[in-house]
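Scroll down for the structure; my scribbles are underneath it.
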Amino acid sequence: MPDPTQQYPAPAMEQAAAHKKRLRIAQGILLLFHVTGFVGLGFAEDPSFYLQFVPLNLLLTVGLLLAFQKEYTPSFVWFCLVTMAVGFFIEVIGVRTGLLFGFYKYGPTLGVQWLSVPLMIGVNWLMLTYTTGVLARYLPIPNFGRAVLATLLMVGLDACLEPMAVRYDFWQWRFDVIPFQNFKGWFAVSLILQVFFNRTDFDKRNDLAPFVYMLQLIFFFGLGLLH
């Protein structure tokens, strides 16, 4: 009777075990940061101490997420740069004109700004586009269907995020009302970026992506329930 442990070469099994260990470590780090932030923002009398770490948390999340990208091809680097640039400058247009998302302005929470938009916004657009794009690849449907699904995942997360973003001064809306135009704008821009994601040739597997999306969703939805 063949030994089941010999069905795969030993080096391959060792690589799989090492990958699984790295994945668990990354998930543990992200969970620690988000639980700490959740407790601090949700229960501290003065959340300002925790808010100063928001940009760091975003960079850490994206850094760990991209560490699990299978290959770093020129096409993948191009996708990342274009997505960050488009996301950032779309927000610049949005802030200055109010035509895309409605009238809003950014607060200090997301860190250093250029043209009245935090530099972290481009990173955030990359994280959301990449994570939801990878998630949609799990379904055996045409690429445009995947793009629409990933777009809906992005808009759904934004719907959970918006009230908390206003509360913690990520940004502020005119008259303190989140306009429906914001979600329509998000859908349009997200769909364009998702089509770009699907048409760009790189390996679209990432074992950390589902965890990152669910962690973000639970984090902001949970804060919303507390307030």
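So, Phe187, is that one within 24 Å of Val212 (Cα to Cα) and in a helix (DSSP H, G or I) or not?
Yes: the conditions hold for Phe187.
Scan segment 95-131 residue by residue and report those that are farther than 21 Å from Phe180 by Cβ, touching a residue at least 60 places away in the same chain (Cβ under 8 Å) and out of contact with any Gly (no Cβ under 9 Å at 6 or more places or on another chain). Those that are farther than 21 Å from Phe180 by Cβ, touching a residue at least 60 places away in the same chain (Cβ under 8 Å) and out of contact with any Gly (no Cβ under 9 Å at 6 or more places or on another chain): Gly107, Pro108, Thr109, Leu110, Met127, Tyr130, Thr131.
Which members of segment 181-222 meet the condition of being over 30 Å from Thr97 (Cβ atoms) and of a type in the set (Val, Ile, Thr)? Of everything in segment 181-222, those that are over 30 Å from Thr97 (Cβ atoms) and of a type in the set (Val, Ile, Thr) turn out to be Val212, Ile218. Going through (1) part of a helix (DSSP H, G or I); (2) of a type outside the set (Phe, Trp, Tyr); (3) surrounded by 18 or more Cβ atoms within 10 Å (Cβ to Cβ) one by one, Asn206 falls short only on (1). Scanning segment 157-178 for residues that are open to solvent by 30 Å² or more (accessible area, probe 1.4 Å) and out of contact with any Leu (no Cβ under 7 Å at 6 or more places or on another chain) turns up Ala159, Pro163, Val166, Arg167, Asp169, Gln172, Arg174, Phe175, Asp176, Val177, Ile178. The residue list Gly111, Gly122 contains one member that is within 22 Å of Leu152 (Cα to Cα) and either of a type in the set (Gly, Ala, Ser) or modelled with pLDDT under 95 (or both), which is Gly122. Quick check on segment 157-173. Is at least one of its residues without any contact (Cβ under 8 Å) to a residue 60 or more places away in the chain, over 25 Å from Thr73 (Cβ atoms) and either β-branched (Val, Ile, Thr) or in a loop (DSSP other than H, G, I, E, B) (or both)? Yes: segment 157-173 contains one or more residues that are without any contact (Cβ under 8 Å) to a residue 60 or more places away in the chain, over 25 Å from Thr73 (Cβ atoms) and either β-branched (Val, Ile, Thr) or in a loop (DSSP other than H, G, I, E, B) (or both).
Under the condition of being open to solvent by 10 Å² or more (accessible area, probe 1.4 Å), closer than 23 Å to Leu208 by Cβ and of a type outside the set (Val, Ile, Thr), the residues counted in segment 120-144 number 9. Consider segment 145-156 and keep the residues that are closer than 30 Å to Ser48 by Cβ and in contact with a helix residue (DSSP H, G or I) (Cβ under 6 Å, 6 or more places away or on another chain). The one that is surrounded by the most Cβ atoms within 10 Å (Cβ to Cβ) is Met154.
The values are calculated or read from the model by the stated rules, or taken from the named source; none is laboratory data. Treat the numbers as computed from the prediction; the structure is a model and nothing was measured. Reconstructed Cβ throughout: ideal geometry from the backbone, glycine too, with neighbour counts over all protein chains shown. Calculation scope for accessible area: heavy atoms of the full protein, side chains included, ligands and nucleic acids excluded. Shrake-Rupley method; radii C 1.70, N 1.55, O 1.52, S 1.80 Å.
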